[in-house]
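First comes the structure, then the notes that go with it.
The values are calculated or read from the model by the stated rules, or taken from the named source; none is laboratory data. Because the structure is predicted, anything quoted here is derived from the model rather than measured. No Cβ is skipped: glycine too gets one built from the backbone with ideal geometry, and neighbour counts run over all protein chains shown. Side chains included, ligands, DNA and RNA excluded: accessible areas come from the protein's heavy atoms. Shrake-Rupley method; radii C 1.70, N 1.55, O 1.52, S 1.80 Å.
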Amino acid sequence: MEARHEPESLSPPQIAAIRRSMTSGRMALTRRSLLRAGSGALALGGLGALSGCGIPPAGRKGESGAADDHSDEDKTLHFSNWTEYMDVTDDEKHRPTLEEFRRRTGITVKYTEDINDNVEFFGKIKPQLAAGQDTGRDLICVTDWLAARMIRLGWIQPLDASRLPHAYTNLGKTFRNPDWDPGHAHSYPWTGIPAVIAYNKKATGGRKVTSLAQLLDDPKLKGRVGLLTEMRDTVGLTLLDMGKPPETCTADDFDAAVARLQKATDRGQIRRFTGNDYTGDLSKGDLAACVAWAGDLIQLQADNPEVEFAIPDAGYMISTDNLLIPNKARHKKNAERLIDYYYEPKVAAKVAAYINYVCPVDGVRPELAKIDKKLAENPLILPDEEMAAKAHAFRSLSGEEETAFEDKFAKLTGA
(Lines give C-alpha, C1' and ligand atoms only; values in the text may rest on other atoms or scores of the structure.)
Protein backbone atom coordinates (compact mmCIF):
# COMPACT_ATOMS: atom_id res chain seq x y z
CA MET A 1 0.00 0.00 0.00
CA GLU A 2 1.19 3.48 -0.72
CA ALA A 3 1.85 5.57 2.38
CA ARG A 4 0.23 8.97 2.66
CA HIS A 5 2.60 11.81 3.37
CA GLU A 6 0.44 13.76 5.74
CA PRO A 7 1.20 15.71 8.93
CA GLU A 8 0.51 13.74 12.08
CA SER A 9 1.53 16.17 14.82
CA LEU A 10 -1.01 16.65 17.59
CA SER A 11 -2.74 19.96 18.21
CA PRO A 12 -3.16 21.43 21.72
CA PRO A 13 -6.81 20.26 21.89
CA GLN A 14 -5.78 16.73 20.91
CA ILE A 15 -3.00 16.71 23.53
CA ALA A 16 -5.45 17.92 26.18
CA ALA A 17 -7.91 15.18 25.18
CA ILE A 18 -5.15 12.57 25.39
CA ARG A 19 -4.15 13.73 28.88
CA ARG A 20 -7.76 13.48 30.06
CA SER A 21 -8.23 10.09 28.43
CA MET A 22 -4.98 8.65 29.73
CA THR A 23 -5.49 9.65 33.36
CA SER A 24 -9.17 8.85 33.76
CA GLY A 25 -10.73 8.00 30.41
CA ARG A 26 -10.69 5.15 27.91
CA MET A 27 -6.91 4.90 27.97
CA ALA A 28 -7.13 4.29 31.72
CA LEU A 29 -10.19 2.08 31.39
CA THR A 30 -10.06 -0.99 33.56
CA ARG A 31 -9.29 -4.13 31.66
CA ARG A 32 -10.29 -6.51 34.41
CA SER A 33 -9.89 -4.97 37.87
CA LEU A 34 -11.99 -1.87 38.51
CA LEU A 35 -10.26 1.52 38.30
CA ARG A 36 -6.92 0.15 37.14
CA ALA A 37 -5.05 3.35 36.36
CA GLY A 38 -2.52 1.92 33.94
CA SER A 39 0.77 3.80 34.05
CA GLY A 40 -0.89 6.75 35.80
CA ALA A 41 0.85 9.40 33.75
CA LEU A 42 1.94 9.84 30.17
CA ALA A 43 5.66 9.73 29.54
CA LEU A 44 6.42 13.36 28.75
CA GLY A 45 9.11 12.45 26.29
CA GLY A 46 6.68 10.36 24.29
CA LEU A 47 4.06 13.11 24.27
CA GLY A 48 6.65 15.67 23.35
CA ALA A 49 7.76 13.60 20.40
CA LEU A 50 4.19 13.41 19.16
CA SER A 51 3.41 17.09 19.64
CA GLY A 52 6.53 18.58 18.13
CA CYS A 53 7.38 18.91 14.47
CA GLY A 54 5.25 15.96 13.37
CA ILE A 55 5.76 12.33 12.46
CA PRO A 56 7.98 11.61 9.45
CA PRO A 57 6.37 10.16 6.32
CA ALA A 58 5.79 6.43 6.45
CA GLY A 59 7.79 5.64 3.35
CA ARG A 60 8.33 6.26 -0.33
CA LYS A 61 5.94 5.26 -3.07
CA GLY A 62 6.33 1.59 -3.86
CA GLU A 63 8.28 0.85 -0.70
CA SER A 64 7.04 -2.33 0.95
CA GLY A 65 6.33 -2.72 4.64
CA ALA A 66 6.93 -6.45 4.50
CA ALA A 67 10.08 -8.07 5.84
CA ASP A 68 11.50 -11.50 5.12
CA ASP A 69 9.13 -13.82 6.98
CA HIS A 70 11.07 -16.16 9.27
CA SER A 71 7.96 -17.99 10.52
CA ASP A 72 8.77 -21.34 8.94
CA GLU A 73 12.22 -21.69 10.48
CA ASP A 74 11.64 -19.70 13.67
CA LYS A 75 8.58 -20.90 15.58
CA THR A 76 8.12 -17.79 17.71
CA LEU A 77 6.25 -14.52 17.67
CA HIS A 78 6.34 -11.38 19.84
CA PHE A 79 2.93 -10.10 20.99
CA SER A 80 2.47 -6.75 22.83
CA ASN A 81 -0.85 -6.30 24.64
CA TRP A 82 -2.53 -4.30 27.41
CA THR A 83 -2.25 -5.45 31.01
CA GLU A 84 -5.00 -7.74 32.35
CA TYR A 85 -6.11 -8.43 28.77
CA MET A 86 -5.33 -12.16 28.49
CA ASP A 87 -6.51 -15.21 30.42
CA VAL A 88 -4.19 -16.33 33.21
CA THR A 89 -4.33 -18.92 35.99
CA ASP A 90 -5.07 -17.86 39.56
CA ASP A 91 -1.41 -18.11 40.51
CA GLU A 92 -0.56 -15.97 37.43
CA LYS A 93 2.07 -18.50 36.34
CA HIS A 94 0.32 -19.81 33.22
CA ARG A 95 -1.62 -18.39 30.29
CA PRO A 96 -3.79 -21.33 29.21
CA THR A 97 -4.77 -20.21 25.71
CA LEU A 98 -1.23 -19.19 24.77
CA GLU A 99 0.13 -22.47 26.07
CA GLU A 100 -2.49 -24.43 24.11
CA PHE A 101 -1.49 -22.51 20.95
CA ARG A 102 2.13 -23.56 21.48
CA ARG A 103 1.15 -27.21 22.00
CA ARG A 104 -0.98 -27.20 18.89
CA THR A 105 1.31 -25.30 16.51
CA GLY A 106 4.79 -25.52 18.00
CA ILE A 107 4.90 -21.71 18.00
CA THR A 108 6.04 -20.03 21.22
CA VAL A 109 4.43 -16.65 21.91
CA LYS A 110 6.70 -14.17 23.67
CA TYR A 111 3.88 -12.27 25.33
CA THR A 112 4.47 -8.83 26.84
CA GLU A 113 1.98 -6.60 28.63
CA ASP A 114 3.77 -3.37 27.76
CA ILE A 115 0.84 -1.26 26.57
CA ASN A 116 -0.43 1.05 29.31
CA ASP A 117 -1.94 3.66 27.01
CA ASN A 118 -2.12 4.20 23.28
CA VAL A 119 -0.08 7.38 23.01
CA GLU A 120 2.79 6.24 25.20
CA PHE A 121 3.04 2.97 23.26
CA PHE A 122 2.89 4.78 19.92
CA GLY A 123 5.71 7.02 21.09
CA LYS A 124 7.78 3.89 21.80
CA ILE A 125 7.40 2.26 18.40
CA LYS A 126 7.04 5.35 16.19
CA PRO A 127 10.78 5.93 15.54
CA GLN A 128 11.29 2.40 14.17
CA LEU A 129 8.08 2.50 12.11
CA ALA A 130 8.93 5.88 10.64
CA ALA A 131 12.43 4.68 9.76
CA GLY A 132 11.12 1.50 8.13
CA GLN A 133 12.63 -0.72 10.83
CA ASP A 134 11.42 -3.74 12.77
CA THR A 135 9.78 -2.77 16.09
CA GLY A 136 10.65 -6.15 17.61
CA ARG A 137 6.92 -6.95 17.73
CA ASP A 138 4.96 -9.20 15.40
CA LEU A 139 1.52 -8.41 16.83
CA ILE A 140 0.17 -5.39 18.72
CA CYS A 141 -3.22 -4.40 20.18
CA VAL A 142 -4.28 -0.75 20.02
CA THR A 143 -7.54 1.22 20.11
CA ASP A 144 -9.42 1.96 16.90
CA TRP A 145 -8.44 5.63 16.49
CA LEU A 146 -4.72 4.77 16.76
CA ALA A 147 -5.13 1.71 14.55
CA ALA A 148 -6.70 3.99 11.94
CA ARG A 149 -3.81 6.44 12.14
CA MET A 150 -1.15 3.74 11.80
CA ILE A 151 -2.92 2.19 8.81
CA ARG A 152 -3.29 5.64 7.23
CA LEU A 153 0.44 6.20 7.63
CA GLY A 154 1.22 2.92 5.88
CA TRP A 155 2.87 1.39 8.95
CA ILE A 156 0.72 -1.76 9.19
CA GLN A 157 1.00 -4.83 6.96
CA PRO A 158 -2.01 -6.15 5.03
CA LEU A 159 -3.25 -9.47 6.31
CA ASP A 160 -3.30 -12.66 4.24
CA ALA A 161 -6.98 -13.64 4.28
CA SER A 162 -6.15 -17.23 3.32
CA ARG A 163 -4.56 -17.69 6.76
CA LEU A 164 -7.58 -16.32 8.64
CA PRO A 165 -10.49 -18.70 7.93
CA HIS A 166 -11.89 -18.62 11.48
CA ALA A 167 -11.52 -14.85 11.78
CA TYR A 168 -13.26 -14.26 8.47
CA THR A 169 -16.10 -16.67 9.27
CA ASN A 170 -16.64 -15.90 12.96
CA LEU A 171 -16.24 -12.11 13.12
CA GLY A 172 -19.45 -10.65 14.55
CA LYS A 173 -21.67 -8.48 12.35
CA THR A 174 -21.20 -5.44 14.58
CA PHE A 175 -17.48 -5.38 13.81
CA ARG A 176 -17.39 -6.38 10.15
CA ASN A 177 -16.60 -3.23 8.20
CA PRO A 178 -15.03 -0.28 10.04
CA ASP A 179 -14.61 2.77 7.82
CA TRP A 180 -10.96 3.11 8.87
CA ASP A 181 -10.10 -0.44 7.68
CA PRO A 182 -12.66 -1.63 5.11
CA GLY A 183 -13.01 -5.39 5.03
CA HIS A 184 -10.43 -5.73 7.83
CA ALA A 185 -7.58 -5.72 5.36
CA HIS A 186 -5.12 -4.85 8.16
CA SER A 187 -6.80 -5.60 11.51
CA TYR A 188 -9.14 -7.76 13.56
CA PRO A 189 -10.80 -6.64 16.81
CA TRP A 190 -9.66 -8.12 20.11
CA THR A 191 -12.56 -6.68 22.13
CA GLY A 192 -15.45 -4.24 21.91
CA ILE A 193 -15.93 -1.39 24.41
CA PRO A 194 -19.57 -0.18 24.67
CA ALA A 195 -20.65 3.17 26.14
CA VAL A 196 -24.18 2.88 27.59
CA ILE A 197 -26.45 4.49 30.21
CA ALA A 198 -26.01 3.54 33.88
CA TYR A 199 -28.03 4.56 36.92
CA ASN A 200 -28.34 3.95 40.64
CA LYS A 201 -31.88 2.76 41.42
CA LYS A 202 -31.73 4.04 44.97
CA ALA A 203 -30.63 7.50 43.83
CA THR A 204 -33.37 7.69 41.18
CA GLY A 205 -36.08 6.55 43.59
CA GLY A 206 -36.50 3.32 41.68
CA ARG A 207 -37.07 5.04 38.33
CA LYS A 208 -35.33 3.67 35.25
CA VAL A 209 -33.09 5.91 33.19
CA THR A 210 -32.97 4.64 29.63
CA SER A 211 -32.11 7.54 27.33
CA LEU A 212 -29.69 10.39 26.92
CA ALA A 213 -32.68 12.72 26.75
CA GLN A 214 -33.43 11.87 30.39
CA LEU A 215 -29.83 12.62 31.37
CA LEU A 216 -29.94 16.00 29.65
CA ASP A 217 -33.52 17.10 30.33
CA ASP A 218 -35.10 15.36 33.33
CA PRO A 219 -35.37 17.94 36.16
CA LYS A 220 -35.43 15.16 38.75
CA LEU A 221 -31.85 14.31 37.78
CA LYS A 222 -30.59 17.90 37.78
CA GLY A 223 -27.09 18.21 39.18
CA ARG A 224 -26.67 14.44 39.50
CA VAL A 225 -25.74 13.48 35.92
CA GLY A 226 -22.31 12.44 34.65
CA LEU A 227 -21.10 12.47 31.04
CA LEU A 228 -17.80 11.12 29.74
CA THR A 229 -14.78 13.21 28.80
CA GLU A 230 -14.37 10.92 25.77
CA MET A 231 -15.63 13.06 22.90
CA ARG A 232 -16.67 10.23 20.60
CA ASP A 233 -18.76 8.49 23.28
CA THR A 234 -20.57 11.54 24.70
CA VAL A 235 -21.14 13.35 21.42
CA GLY A 236 -21.92 10.06 19.66
CA LEU A 237 -24.70 9.22 22.12
CA THR A 238 -26.04 12.76 21.80
CA LEU A 239 -26.09 12.50 18.01
CA LEU A 240 -27.97 9.21 18.23
CA ASP A 241 -30.55 10.76 20.55
CA MET A 242 -30.98 13.55 17.98
CA GLY A 243 -31.55 11.01 15.22
CA LYS A 244 -28.18 11.68 13.58
CA PRO A 245 -25.93 8.62 12.98
CA PRO A 246 -22.36 9.19 14.22
CA GLU A 247 -21.11 7.11 11.29
CA THR A 248 -21.94 10.04 8.97
CA CYS A 249 -21.53 12.96 11.38
CA THR A 250 -20.95 16.30 9.65
CA ALA A 251 -19.42 19.40 11.21
CA ASP A 252 -22.92 20.90 11.49
CA ASP A 253 -24.20 17.73 13.19
CA PHE A 254 -21.32 17.88 15.64
CA ASP A 255 -21.98 21.56 16.42
CA ALA A 256 -25.67 20.82 17.01
CA ALA A 257 -24.83 18.04 19.45
CA VAL A 258 -22.34 20.21 21.34
CA ALA A 259 -24.92 23.02 21.50
CA ARG A 260 -27.42 20.63 23.06
CA LEU A 261 -24.86 19.48 25.62
CA GLN A 262 -23.95 23.10 26.35
CA LYS A 263 -27.57 23.97 27.16
CA ALA A 264 -27.78 21.11 29.65
CA THR A 265 -24.47 22.16 31.20
CA ASP A 266 -25.58 25.80 31.49
CA ARG A 267 -28.79 24.73 33.26
CA GLY A 268 -26.78 22.85 35.87
CA GLN A 269 -28.12 19.48 34.71
CA ILE A 270 -24.63 17.99 34.42
CA ARG A 271 -22.73 17.45 37.66
CA ARG A 272 -19.46 16.86 35.83
CA PHE A 273 -17.71 15.30 32.87
CA THR A 274 -15.75 12.26 34.02
CA GLY A 275 -13.38 9.52 33.05
CA ASN A 276 -13.95 6.15 34.70
CA ASP A 277 -13.82 7.90 38.08
CA TYR A 278 -17.62 8.04 37.77
CA THR A 279 -17.73 4.55 39.26
CA GLY A 280 -17.39 5.61 42.89
CA ASP A 281 -19.95 8.42 42.59
CA LEU A 282 -22.43 6.16 40.80
CA SER A 283 -22.08 3.41 43.40
CA LYS A 284 -22.59 5.88 46.26
CA GLY A 285 -25.49 7.62 44.51
CA ASP A 286 -23.77 11.00 44.21
CA LEU A 287 -24.38 10.48 40.51
CA ALA A 288 -27.92 9.28 39.94
CA ALA A 289 -27.21 8.44 36.30
CA CYS A 290 -24.38 8.73 33.80
CA VAL A 291 -22.80 7.50 30.60
CA ALA A 292 -20.66 4.48 31.47
CA TRP A 293 -18.40 1.83 29.97
CA ALA A 294 -19.60 -1.75 29.99
CA GLY A 295 -16.32 -3.12 31.37
CA ASP A 296 -16.79 -1.09 34.55
CA LEU A 297 -20.44 -2.02 34.98
CA ILE A 298 -19.88 -5.76 35.24
CA GLN A 299 -17.67 -5.20 38.28
CA LEU A 300 -19.91 -2.45 39.70
CA GLN A 301 -23.01 -4.62 39.52
CA ALA A 302 -21.20 -7.44 41.29
CA ASP A 303 -20.43 -5.05 44.16
CA ASN A 304 -23.66 -3.00 44.23
CA PRO A 305 -27.05 -4.43 43.17
CA GLU A 306 -28.51 -0.91 42.98
CA VAL A 307 -26.49 -0.19 39.82
CA GLU A 308 -28.35 -0.90 36.59
CA PHE A 309 -27.64 -0.21 32.93
CA ALA A 310 -29.79 0.55 29.90
CA ILE A 311 -29.31 0.44 26.16
CA PRO A 312 -31.02 3.51 24.69
CA ASP A 313 -33.58 2.81 21.98
CA ALA A 314 -31.66 5.30 19.83
CA GLY A 315 -28.52 3.16 20.11
CA TYR A 316 -25.21 3.12 21.92
CA MET A 317 -21.56 3.74 21.04
CA ILE A 318 -18.94 1.05 20.67
CA SER A 319 -15.20 1.25 20.10
CA THR A 320 -12.63 -1.53 19.71
CA ASP A 321 -9.12 -2.60 20.60
CA ASN A 322 -7.54 -4.23 17.57
CA LEU A 323 -4.83 -6.71 16.54
CA LEU A 324 -2.36 -5.48 13.90
CA ILE A 325 0.97 -6.63 12.42
CA PRO A 326 3.51 -3.77 12.17
CA ASN A 327 5.68 -3.25 9.12
CA LYS A 328 8.90 -5.28 9.06
CA ALA A 329 7.56 -7.85 11.55
CA ARG A 330 9.69 -10.98 11.18
CA HIS A 331 6.98 -13.56 11.95
CA LYS A 332 3.92 -12.44 10.01
CA LYS A 333 2.59 -15.92 9.24
CA ASN A 334 2.89 -16.93 12.90
CA ALA A 335 1.06 -13.77 13.96
CA GLU A 336 -1.76 -14.45 11.49
CA ARG A 337 -2.09 -17.98 12.87
CA LEU A 338 -2.46 -16.53 16.38
CA ILE A 339 -5.11 -14.03 15.26
CA ASP A 340 -7.07 -16.84 13.62
CA TYR A 341 -6.67 -19.06 16.70
CA TYR A 342 -8.37 -16.45 18.90
CA TYR A 343 -11.35 -16.47 16.56
CA GLU A 344 -12.12 -20.08 17.39
CA PRO A 345 -15.18 -19.87 19.68
CA LYS A 346 -13.79 -22.23 22.34
CA VAL A 347 -10.61 -20.18 22.62
CA ALA A 348 -12.40 -16.82 22.46
CA ALA A 349 -14.71 -17.93 25.28
CA LYS A 350 -11.77 -18.46 27.63
CA VAL A 351 -10.52 -14.92 26.98
CA ALA A 352 -14.00 -13.41 27.33
CA ALA A 353 -14.53 -15.20 30.65
CA TYR A 354 -11.41 -13.55 31.99
CA ILE A 355 -11.49 -9.99 30.62
CA ASN A 356 -15.29 -9.40 30.59
CA TYR A 357 -15.46 -7.18 27.52
CA VAL A 358 -17.63 -7.57 24.44
CA CYS A 359 -16.37 -10.58 22.51
CA PRO A 360 -16.25 -9.99 18.73
CA VAL A 361 -16.44 -13.70 17.91
CA ASP A 362 -19.68 -15.34 16.79
CA GLY A 363 -20.51 -18.75 18.23
CA VAL A 364 -18.98 -18.06 21.65
CA ARG A 365 -22.15 -18.26 23.76
CA PRO A 366 -22.39 -22.06 24.22
CA GLU A 367 -18.66 -22.28 24.90
CA LEU A 368 -18.78 -19.44 27.45
CA ALA A 369 -21.81 -21.05 29.13
CA LYS A 370 -19.67 -24.12 29.84
CA ILE A 371 -17.31 -21.84 31.79
CA ASP A 372 -19.82 -19.47 33.42
CA LYS A 373 -23.51 -19.46 32.54
CA LYS A 374 -24.08 -15.98 33.98
CA LEU A 375 -21.34 -14.46 31.85
CA ALA A 376 -22.79 -16.13 28.76
CA GLU A 377 -26.13 -14.46 29.52
CA ASN A 378 -24.60 -11.02 30.15
CA PRO A 379 -25.35 -8.69 27.21
CA LEU A 380 -22.37 -6.51 28.15
CA ILE A 381 -20.14 -9.42 27.10
CA LEU A 382 -22.31 -11.10 24.46
CA PRO A 383 -24.93 -8.68 23.14
CA ASP A 384 -28.05 -10.33 21.78
CA GLU A 385 -29.18 -9.52 18.25
CA GLU A 386 -31.42 -6.67 19.38
CA MET A 387 -28.64 -5.00 21.33
CA ALA A 388 -26.01 -5.63 18.65
CA ALA A 389 -28.24 -3.93 16.08
CA LYS A 390 -28.12 -0.75 18.17
CA ALA A 391 -24.32 -0.46 18.18
CA HIS A 392 -22.75 2.54 16.44
CA ALA A 393 -19.19 3.68 15.89
CA PHE A 394 -18.05 7.27 15.45
CA ARG A 395 -16.69 7.77 11.95
CA SER A 396 -12.95 8.16 11.48
CA LEU A 397 -11.78 11.78 11.46
CA SER A 398 -9.06 13.56 9.54
CA GLY A 399 -6.39 15.30 11.58
CA GLU A 400 -8.01 18.67 10.87
CA GLU A 401 -11.47 17.43 11.91
CA GLU A 402 -10.17 15.87 15.10
CA THR A 403 -8.43 19.12 16.08
CA ALA A 404 -11.58 21.15 15.47
CA PHE A 405 -13.91 18.68 17.20
CA GLU A 406 -11.68 18.22 20.25
CA ASP A 407 -11.28 21.99 20.60
CA LYS A 408 -15.04 22.53 20.71
CA PHE A 409 -15.54 19.62 23.09
CA ALA A 410 -12.76 20.87 25.39
CA LYS A 411 -14.53 24.24 25.65
CA LEU A 412 -17.76 22.45 26.55
CA THR A 413 -16.17 20.35 29.30
CA GLY A 414 -13.97 23.16 30.64
CA ALA A 415 -10.82 21.14 30.01
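Quick notes on this structure:
- GluC sites (Glu not before Pro) restricted to DSSP loop in the range 332-415 with at most 11 other C-beta within 10 Å: none
- Of the solvent-accessible surface of the range 110-159, computed with a 1.4 Å probe and all protein chains present, 43% belongs to carbon and sulfur.
- Cut-off under 5 Å, modelled amide H: who pairs with ILE156 long-range: ASN327
- Length added when fully stretched, ASP72-SER398, from 0.36 nm per residue minus Cα-Cα: 113.4 nm
- When the trypsin sites (Lys or Arg not before Pro) in the range 138-222 are filtered for DSSP coil states and for at most 13 other beta-carbon atoms within 10 Å of their beta-carbon, the remaining sites are ARG176, LYS208.
- Our coupling estimate for the range 214-231, obtained by passing each phi through the Karplus curve with A = 6.51, B = -1.76, C = 1.60 and θ = phi - 60°, is 5, 4, 8, 10, 6, x, 6, 9, 3, x, 10, 10, x, 10, 7, 6, 7, 4 Hz, Gly and Pro reported as x.
- Cα gyration tensor category, rounded, prolate or oblate, for the range 293-367 with a/c compared to 1.5: prolate
- Shape class of the range 171-304 from the Cα gyration tensor (axes a ≥ b ≥ c, square roots of the eigenvalues): oblate, since a/c reaches 1.5 or more and a/b does not exceed b/c.
- Listed values for the range 145-152 are Karplus-derived 3J(HN,Hα) couplings in whole Hz (6.51 cos²θ - 1.76 cosθ + 1.60, θ = phi - 60°), namely 5, 6, 4, 4, 5, 5, 5, 4, and x replaces Gly and Pro.
- Whether the range 116-192 is rounded, prolate or oblate, judged on the alpha carbon gyration tensor where a/c under 1.5 counts as rounded: prolate
- Working note: Karplus 6.51/-1.76/1.60 with θ = phi - 60° gives the range 348-354 the couplings 4, 5, 5, 5, 4, 5, 8 Hz, where Gly and Pro are set to x.
- Among the chymotrypsin sites (Phe, Trp or Tyr not before Pro) in the range 118-194, none is located in a DSSP loop while being surrounded by at most 14 other Cβ atoms within 10 Å of its own Cβ.
- Taking amide H as placed 1.01 Å from N in the peptide plane, the amide H of GLY223 sits under 5 Å from that of GLN269, ILE270, ARG271, each at least 5 places away or on another chain.
- When the solvent-accessible area of the range 232-389 is split by element, carbon and sulfur atoms take up 47 percent of it, the probe being 1.4 Å.
- Entry comment: accessible area of the range 232-309 is 36 Å² per residue, from protein heavy atoms only and a probe of 1.4 Å.
- Taking 7 Å steps out from each Cα toward its Cβ at ILE371 and ALA259 produces label points 4.8 nm apart.
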